[in-house]
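Chemist: What follows is a single structure, and I will ask about it in a moment.
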């Protein structure tokens, strides 16, 4: 498993059950007697698309990547998904679920597709751990995600100033094990991607909020407003990452206050009425 995949479908299954639906999860299997929810559309081929289009009650697409300007994460090599013949996947879908307002606007404008933007919401099955006490934390900073050149430079510099632990996407790590490491860390670090895709993903901050650990996120571009209270923020134009981290490490009470506030906010976010209304109007069969 990758370091950030399981909770994407675990949380959606939980929310759909909460609004009254029977949900089963499987890998690489379609059920023509049920409405199918496709997660990870960039990995399907034409045969799967044709099976989805022909499958009984229809299908919904859910993807955690940013989609805009006819690309996924602004990568030109993904543009073929939004022209013929691959765009039939979107034209025939009942709806699309996303974490990004940009994705919602693009898909609605391009395909007239009903899109629902998921907000941070409580999902008890993600609350697998609680943070260790300050003296028991044996990791100062945990980073998980893709480590490419620009990030590697930042992380290499940071490693010289604190106890840093990194999990690259190639590391086979269940979310329970990743959360175990996060619970032992004083700071969980989130870095933006290369511009223009410099966003911080909702699921990252939501997952860490569920286990009550402190997140520190790079503030490089417009951030979805609902994510602001879930993290501390590092402005790369204002100071070096190592200086920012050193400052936060010296302020345990401030870190705990932000983490506690994020946990309280998530635990209070139980209203799924907007998702239910959207599902009843656009999806229910």
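Since every read-out is calculated from the coordinates, none of them should be taken as a lab result. Only a predicted model underlies this, so the values are computations on that prediction, with no experimental measurement involved. Note: ideal-geometry Cβ built from the backbone for every residue, glycine included; neighbour counts use all protein chains shown.
Chemist: Computed over the Cα atoms, what is the radius of gyration of the range 144-205 divided by 2.2 N^0.38 Å, N being its residue count?
Modeler: Values: Rg = 12.1 Å, N = 62, 2.2 N^0.38 = 10.6 Å.
Against the compact-globule rule of thumb, the ratio is 1.14.
Chemist: In whole percent, what relative contact order does the range 96-158 give with Cα contacts below 8 Å and a gap of six or more residues? Working shown, then result.
Modeler: On the way: 26 pairs, mean separation 15.5, N = 63.
Answer for the range 96-158 is 25 percent.
Chemist: On full extension of the chain, what length is gained from residue 250 through residue 233, given 0.36 nm per residue of separation minus the C-alpha to C-alpha distance?
Modeler: On the way: separation 17, 0.36 × 17 = 6.12 nm, distance 1.55 nm.
Contour length minus the Cα-Cα distance gives 4.6 nm.
Chemist: Sticking with this structure for a sec: Taking 1 over the mean of 1/r across every pair of different Cα atoms in the range 200-261, what Kirkwood radius in Å do you get? Each step should come with its number before you reach the end.
Modeler: Working: mean 1/r = 0.0831 Å⁻¹.
Its Kirkwood hydrodynamic radius stands at 12.0 Å.
Chemist: Once you put a point 7 Å from the Cα of residue 157 and another 7 Å from the Cα of residue 136, both along the Cβ direction, what distance in nm separates them?
Modeler: Each label point is offset 7 Å from its Cα along the Cβ direction, giving 3.5 nm.
Chemist: Moving to a separate point now. Taking the DSSP beta bridges in the chain as the whole, what percent of them are antiparallel, to the nearest 5?
Modeler: Values: 3 of 27 bridges.
Bridges in the chain that DSSP calls antiparallel: roughly 10 percent.
Chemist: Based on the Cβ-Cβ distance of residue 165 and residue 75, what FRET efficiency does E = 1/(1 + (r/R0)^6) give at R0 = 22 Å, to the nearest 0.05? Let's see the in-between values first.
Modeler: Details: r = 28 Å, r/R0 = 1.29.
Once the sixth-power term is evaluated, E becomes 0.20.
Chemist: Just to be sure I understand: with springs between alpha-carbon atoms less than 10 Å apart, which residue in 249, 230, 191 has the highest mean-square fluctuation in the Gaussian network model of the chain?
Modeler: Fluctuation is largest for 249.
Chemist: In Å³ and rounded to a whole number, note down the convex hull volume per residue for the Cα atoms of the range 67-160.
Modeler: 154
Chemist: Taking only the C-alpha atoms, wrap a convex hull around the range 1-43 and report its volume per residue in Å³ as a whole number.
Modeler: Working: hull volume 3.6 nm³, N = 43.
Convex hull volume per residue, Cα atoms: 84 Å³.
Chemist: A further question follows. Hey, with R₀ at 41 Å, roughly what FRET efficiency would residue 242 and residue 125 work out to, going by the Cβ-Cβ distance, to 0.05? Walk me through the intermediate numbers first.
Modeler: Values: r = 36 Å, r/R0 = 0.87.
Calculated transfer efficiency: 0.70.
Chemist: Please give the length that would be gained between residue 273 and residue 25 if that part of the chain were fully extended, namely 0.36 nm times their separation in residues minus their C-alpha to C-alpha distance (nm, one decimal). Don't skip to the answer; put the middle values down first.
Modeler: Numbers: separation 248, 0.36 × 248 = 89.28 nm, distance 2.29 nm.
Separation in residues times 0.36 nm, less the Cα-Cα distance, equals 87.0 nm.
Chemist: Once you've got the GNM for the chain with C-alpha springs shorter than 10 Å, pick whichever of 129, 21, 92 has the biggest mean-square fluctuation.
Modeler: Fluctuation is largest for 21.
Chemist: What value does the chain have for Rg/Rh, both radii from Cα atoms and Rh as Kirkwood defines it?
Modeler: Working: Rg = 19.5 Å, Rh = 20.0 Å.
Looking at the chain, the ratio lands at 0.98.
Chemist: Report relative contact order for the chain in percent, whole number only (criteria: Cα-Cα under 8 Å, sequence separation at least 6).
Modeler: About 19 percent, as a whole number.
Chemist: To continue, here is another question. Each label point is 7 Å from the Cα along the Cα-to-Cβ direction; what then is the distance between the points at residue 50 and residue 284, in nm?
Modeler: If labels sit at residue 50 and residue 284, their model points lie 3.5 nm apart.
Chemist: If you project the alpha carbons of the range 124-268 onto their three principal axes, what span does each projection cover, largest first, in Å?
Modeler: Here the Cα extents, ordered largest to smallest, are 35, 32, 32 Å.
Chemist: Per-residue counts of other Cβ atoms within 10 Å, averaged by peptide: what ranking do you get for 203-214, 43-54, highest first? Present the calculation step by step, with values, prior to reporting the outcome.
Modeler: Numbers: 203-214: 24.6, 43-54: 13.1.
Order by mean packing, descending: 203-214, 43-54.
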